[in-house]
Amino acid sequence: MKVFAHLSDLHLDGGERADARAAAVLGWLRNLARPVEAVLVTGDIADHGLPEEYRRAAELLAYPAPVLTCPGNHDLREAFRESLLGEPASAAAVNVAKDVDGVLLALCDSTIPGKGAGYLEDSTLAWLDEALAAHAGPAFVAFHHPPLEVGIPLVDAIRQTGEDRLAGVLRRHPQVAAVLCGHVHTGAATTFAGVPVRIAPGVVSGSLLPVERGADRGWAEGGPLDFDRPPSVLLHVLHDDGRVTSHLREVPFNG
């Protein structure tokens, strides 16, 4: 049995609130009985894509196990590479694959520069197909934008499109244990192309279904977002038979 932590949507903006919520999540992870095998962060790490936001993220995300990241629609590829990954600045898609104790973690860039919606470039899909073909063991495939509707109109309007192409890749590689996403700001579970999909809650805020809206909640146009919900993280348990059980954990926070 292996355990992987999954968080998303830190939206670090130089302010104390987002910083403190991210610090609380990482502090909680560091206080587990043992480190998880790896931490996956599925995008919107920075709120404005500024170098200083990524430098702070690098400090906050320090952990005694691999930490793998992919960009979201608030992130900027050049600064993401240079200030978070320590690589030369580049506008190319940020795709990262790592074998962690026999488990392939393939994080794909689903961003469209300058847009809120997502799409996996042909080169990214080819990269993913090749990485999965070279790995016989279990795998997680991760990106920011979910490739299907989740029932929250604000998010569904800017989800990942072109998903039939991704489905074709996943069907060729049955060792994919789950697809991991962010973007929605709420913990959720569904399936895509016969593969479990796990969506991480937002660290900076939560989101609500339309049925949860109340006339007295005072949502700004384009909501709903819940800024009072505690920061949360998913713990994905990968069983020896390839199944994934995901546990949602709210992190104690007094901010």
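The values are calculated or read from the model by the stated rules, or taken from the named source; none is laboratory data. Just so you know, these numbers come straight off a predicted model, no measurement behind them. Here the Cβ positions follow ideal geometry from the backbone for every residue, glycine too, while neighbour counts run over all protein chains shown.
Points to keep in mind about this one:
- Test: residue in the stretch 29-41 that is within 18 Å of V184 (Cβ to Cβ) and of a type outside the set (F, W, Y): yes
- Flag if A46 is modelled with pLDDT of 95 or more, farther than 22 Å from A5 by Cβ, crowded, with 20+ Cβ neighbours inside 10 Å and touching a helix residue (DSSP H, G or I) at 6+ places or on another chain (Cβ under 7 Å): no
- G206 being at pLDDT below 95, under 22 Å from F4 (Cα atoms) and under 18 Å from the mean Cα position of the chain (by Cα): yes
- Contact map, the stretch 179-190: first residue polar (S, T, N, Q), second residue in a strand (DSSP E or B), Cβ cut-off under 6 Å, separation 6 or more or different chains; pairs are T186/G206; T186/S207; T190/V197.
- Qualifying positions in the stretch 49-68 - among the aliphatic types (A, V, I, L, M) and either within 22 Å of L235 (Cα to Cα) or at pLDDT below 95 (or both): A57, A58, L60, L61, A62, A65, V67, L68
- Test: V94 is within 26 Å of G242 (Cβ to Cβ), of a type in the set (V, I, T) and buried (at least 17 other Cβ atoms within 10 Å of the Cβ): no
- Subset tally (residues that are within 16 Å of V67 (Cβ to Cβ) and either among the hydroxyl-bearing types (S, T, Y) or surrounded by fewer than 22 Cβ atoms within 10 Å (Cβ to Cβ) (or both)) for the stretch 3-28: 5
- Scanning the stretch 66-85 for residues being more than 17 Å from the chain's Cα centre (by Cα) and touching a residue at least 24 places away in the same chain (Cβ under 8 Å) gives a total of 3.
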